[in-house]
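The values are calculated or read from the model by the stated rules, or taken from the named source; none is laboratory data. For clarity, every value in this text was computed on a predicted model and none was experimentally measured. Backbone-built Cβ (ideal geometry, glycine too); neighbour counts: all protein chains shown. SASA here: full protein model, heavy atoms, side chains in, ligands and nucleic acids out. Shrake-Rupley method; radii C 1.70, N 1.55, O 1.52, S 1.80 Å.
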Amino acid sequence: MSINTSSIMSKIEAWSKTDAGKRRMKEVIDRYQKEGRKATAAGSTMLTADTMYKAAGKLIETLRSTAIDMGLPDSVLEHFDSLEPSAPFKMPDGSTTMYIYFHDDLHRDSLQPNKYAGADNIIAVLNNGYEKHENIAKVWGVWHDMKIHGLTERTGLQFMQKAVSVFNGRYGSMYHATAEVGPEYN
């Protein structure tokens, strides 16, 4: 008697693409995750909450080091100490996601606060930059006891994108994770 393993594997692969197969695999993966297993019976690596927190820590570390490498001022770098991950949660497509947030106030007052509201997110301003607008004049004001002027335009430094690219290249496969830049930094 002989067993045709390639025939068996092709039938398993075909079944795994059916609704019943997908549902069963999802049930088993969900159970394994709840049990805290690190691998499936077939040897595939399971993404656990612990692994996700470690990956989030590496991403935060990468964000900080990239901000330092970009030469951001100390008053901006301080915000990177407030970065924290959310708890992992399941998305409708079955994937698991964590968000990383700044937990302090990223607002910067305008040099002329009686005329302009200021910037709600200094990290986004420096990362994204802004174009010159015809109806906005150069703003002068006092900052740290010195009279200075604000910029009428700024080229974005794109340090958030760089950090995500570095993380994905160095750590993505290690943690079976992919980082993405949030919409406020695009």
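State the volume of the convex hull built on the alpha-carbon positions of the chain, expressed per residue in Å³ and rounded to an integer. Each step should come with its number before you reach the end.
On the way: hull volume 32.1 nm³, N = 186.
So the per-residue Cα hull volume is 173 Å³.
Give me the net charge for the shell around His79: Cβ to Cβ below 11 angstrom, other residues only, Lys and Arg +1, Asp and Glu -1. Every neighbour counted, the sum reads -3. Summary value for segment 102-161: 32 percent relative contact order, contacts being C-alpha pairs under 8 angstrom separated by 6+ residues. Think of the chain as having a plus end and a minus end, set by charges on the Cβ of Lys, Arg, Asp and Glu; of Asn168, Gly94, Ala42, Ala42 sits farthest toward the positive end of this dipole. Given their separation in residues at 0.36 nm each and the Cα-Cα distance between them, His103 and Ala87 gain 4.3 nm when the chain is fully extended. Take segment 29-97 with all the other protein chains still there, run a 1.4 Å probe, and you get 59 Å² of accessible area per residue.
With contacts taken as Cα pairs under 8 Å at a separation of at least 6 residues, segment 5-125 carries a relative contact order of 13 percent. Computed from the C-beta positions of Gln112 and Asn186, the FRET efficiency with R₀ = 30 Å rounds to 0.60.
Probe radius 1.4 Å, ligands and nucleic acids ignored: give me the carbon and sulfur share of the accessible area of the chain as a rounded percent. Accessible surface attributable to carbon and sulfur in the chain totals 54 percent.
Computed over segment 10-65, the P(r) curve from all C-alpha pair distances, binned at 10 Å from the origin, holds 21, 36, 26, 13, 4 percent per bin. Based on DSSP H segments of at least four residues, each scored -39500 (n - 2.57), the chain has a per-residue ellipticity at 222 nm of -13500 deg cm²/dmol.
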